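Have a look at the structure below before the remarks.
None of the figures in this text is laboratory data; all of them are computed from the coordinates on show. Just so we're clear, the structure is a prediction, and the values are computed from it rather than from any experiment. Cβ atoms come from the backbone with ideal geometry, glycine included; neighbour counts cover every protein chain shown.
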Amino acid sequence: MSTLRRKFVCQKCGFESIQWLGKCPNCSSWNSFAEEIESKQKLKSSRSKLENSRLVNLKSIDKTIDHSNLRFNTGFDEFDRVLGGGVIQGSVVLIAGDPGIGKSTLLLQVVSNLNEKVIYVTGEESIEQIKFRSTRLKIKNENLFILQETNLNNILHIIERENPKVVVIDSIQTIYNDLLEGAPGTIGQIRECTTYLMNLAKKENIAIFIIGHITKDGLIAGPKALEHIVDTVLQFSGEKNYSFRILRAIKNRFGSTNEIGIFEMHTDGLKEVANPSQVFLSEREYGASGTVVTPIIEGTRPILVEVQALVTPSNFGMPQRVTTGFDYRRLSILLAVLEKRLNYKLSQHNVFLNIAGGVEIDEPSADLAVCAAIVSSIKDIPADSLTCMVGEVGLSGEIRSVSNLETRIMEAEKLGFKKTIIPSQVLRSIVSKSKIEIVQCKNLTDAIKEILE
Ligand SMILES: Nc1ncnc2c1ncn2[C@@H]1O[C@H](COP(=O)(O)OP(=O)(O)OP(=O)(O)O)[C@@H](O)[C@H]1O
Ligand SMILES: [Mg+2]
């Protein structure tokens with residue numbers, strides 16, 4: 001008698017079926033069924049294992065764990081910082097990104113400096129291709145072993161036998177469990193394989209990095225299912241036309257999700273960008289209207305970015321609003337404020353807004369720079385190139401305070417800006433020593449006058 005039972009489960013509502021269905025009869029969602037296996041033997045015997053489960057007093061755990069040994073550094077500072085200060089032993093990290101963005105390159109470089117045994121499982125490329133890449137990246141790690149394998153059981157077996165400290169799975173979409181009938185890359189396979197790898201990581205105390213491709217609609221394949229299983233999800237992204245790559249933590253059980261790491265792709269691999277502001281401002285066009293620089297905070301770091309606006313007359317009834325790297329609804333609010341409080345007829349203009357360098361701004365501190373860039377474009381007057389501005393804009397056109405203002409001002413000064421326009425909030429004394437001219441403004445009209453004239 002077979003002890004395995006195959007079933008298909010709707011990932012949205014949990015409805016079970018013995019065959020795959022395109023539409024769930026229970027919750028009516030499409031394409032939501034994933035294959036799962038259930039071991040009857042396991043279910044029956046699970047009660048008998050109860051004596052292995054025990055209660056542990058939290059206080060006593062603290063005494064037995066050596067916290068300093070929980071994390072280790074990879075020697076790749078930007079990567080370690082995004083993870084919250086290094087890799088946690090026994091954790092599973094998912095690195096997701098578009099095809100060809102540099103995921104394999106990043107992980108090969110990350111493991112290249114480790115002194116302990118690393119197994120790099122490749123399901124996509126041949127051993128020769130990995131060698132070719134590692135030669136290009138000048139990697140000479142004697143502890144790095146390559147395994148060309150896609151069968152999950154073989155991979156688990158080898159990991160258990162070899163006992164490495166770090167494992168890289170490139171990529172999860174190519175790995176399969178032969179107990180499931182689904183092809184590699186299906187939701188059921190991906191979830192099953194990740195769960196096994198997660199259990200192994202915890203049991204053997206191995207850090208496992210899993211590479212995952214992003215599907216066409218931007219989801220990490222296996223709609224969100226993977227994100228819940230793993231400890232940390234990192235998104236590796238970048239603009240095709242730029243050599244910058246941004247590593248961002250989307251979920252982190254062991255650190256902040258605000259940190260970003262910035263890299264630049266070169267022939268010999270990814271290089272860390274220690275001073276991102278300089279890079280993001282390097283292609284600035286001086287003397288052009290519609291551009292204003294603002295200091296934003298990414299994680300704990302200040303970064304100066306360039307806000308670019310282009311305002312053109314609209315000949316049709318519905319003017320266009322297009323944004324890249326800035327919230328669309330926030331732009332609509334700011335346009336309404338400019339129209340109502342400052343009398344700019346923006347309802348008859350197309351507005352295109354771009355944050356240069358592929359950066360995404362998700363804090364209101366860039367409001368002031370966005371408004372100033374729009375006014376600069378509409379009037380066709382260039383903003384002063386050595387002035388930057390920061391502040392949240394309220395609905396009545398007032399400028400509201402922002403967090404970490406001193407850090408932002410210091411960064412602007414470091415990059416050679418002569419003047420900064422800020423909200424009229426109380427400043428800490430460290431700023432009084434700075435050479436940069438600080439202008440505090442209460443409302444939008446004054447702030448725009450200050451930078452355009
Ligand atoms: N000789 C080279 N010089 C400069 N950059 C290169 C060179 N070869 C590859 N690259 C860069 O590396 C990128 C591909 O890196 P990699 O194979 O690590 O990406 P990936 O995300 O793992 O791709 P895939 O989705 O195919 O697995 C290319 O897009 C390119 O930017
Ligand atoms: Mg790859």
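Annotations for the structure displayed:
- D_trans [Stokes-Einstein, Kirkwood Rh over alpha-carbon pairs] for the stretch 122-212, 10 °C, 1.306 mPa s, µm² s⁻¹: 115 µm²/s
- Each peptide among 186-193, 313-320 gets the average number of other Cβ atoms lying within 10 Å of its residues, and from highest to lowest they stand as 186-193, 313-320.
- Base-10 log of normalised Debye intensity for the stretch 181-332 (one unit scatterer per alpha-carbon) at q = 0.12, 0.15, 0.20, 0.21 Å⁻¹: -0.75, -1.02, -1.36, -1.42
- Ranked packing of 149-162, 439-452, most packed first, by mean Cβ within 10 Å: 439-452, 149-162
- Relative contact order of the chain: 11 percent, from C-alpha pairs under 8 Å at least 6 residues apart in sequence.
- Cα gyration tensor shape of the stretch 223-310, rounded if a/c is under 1.5, else prolate or oblate by comparing a/b with b/c: prolate
- Beta-bridge orientation, the chain: approximately 55 percent antiparallel, per DSSP, counting only bridges with both partners inside.
- A simple packing score, the average count of other Cβ atoms within 10 Å per residue, orders the peptides 284-294, 329-339 as 284-294, 329-339, with the highest score first.
- Extending 7 Å from Cα along the Cβ direction at E128 and again at S403 yields two label points whose distance is 5.3 nm.
- Taken over the stretch 279-452, the convex hull of the Cα atoms encloses 101 Å³ per residue.
- Scattering profile of the chain at q = 0.08, 0.09, 0.11, 0.12 Å⁻¹ [log10 I(q)/I(0), Debye over alpha-carbon scatterers]: -0.61, -0.74, -0.98, -1.07
- With R₀ set to 41 Å, the beta-carbon distance separating E283 from E162 gives a calculated FRET efficiency near 0.30.
- Links that overshoot a 27 Å alpha carbon limit, given the list K7/K117; K345/K449; K340/K449: K7/K117
- The chain: angle of helix 127-136 to the longest principal axis, Cα-based, in degrees nearest 10: 30 degrees
- Across the alpha-carbon set of the stretch 71-274, the Rg to Rh ratio works out to 0.93, Rh being the Kirkwood radius.
- Note on the stretch 72-130: the alpha carbon radius of gyration divided by the globular reference 2.2 N^0.38 Å gives 1.17.
- Full-stretch length increase - S53, K435 - with 0.36 nm per residue and alpha-carbon distance subtracted: 131.2 nm
- Between the helical axis of 152-162 and the longest alpha-carbon principal axis of the chain there is an angle of about 90 degrees.
- Degrees separating the helix 405-414 axis from the principal Cα axis of the chain, which is the longest one: 80 degrees
- No Cys partner within the rule (Cβ under 4.7 Å), the chain: C193, C371, C388, C441
- Per residue of the chain, the DSSP helices (runs of n ≥ 4 H) give a summed -39500 (n - 2.57) that works out to -8000 deg cm²/dmol at 222 nm.
- Computed from the C-beta positions of R321 and D77 and an R0 of 51 Å, the FRET efficiency is 0.85 to the nearest 0.05.
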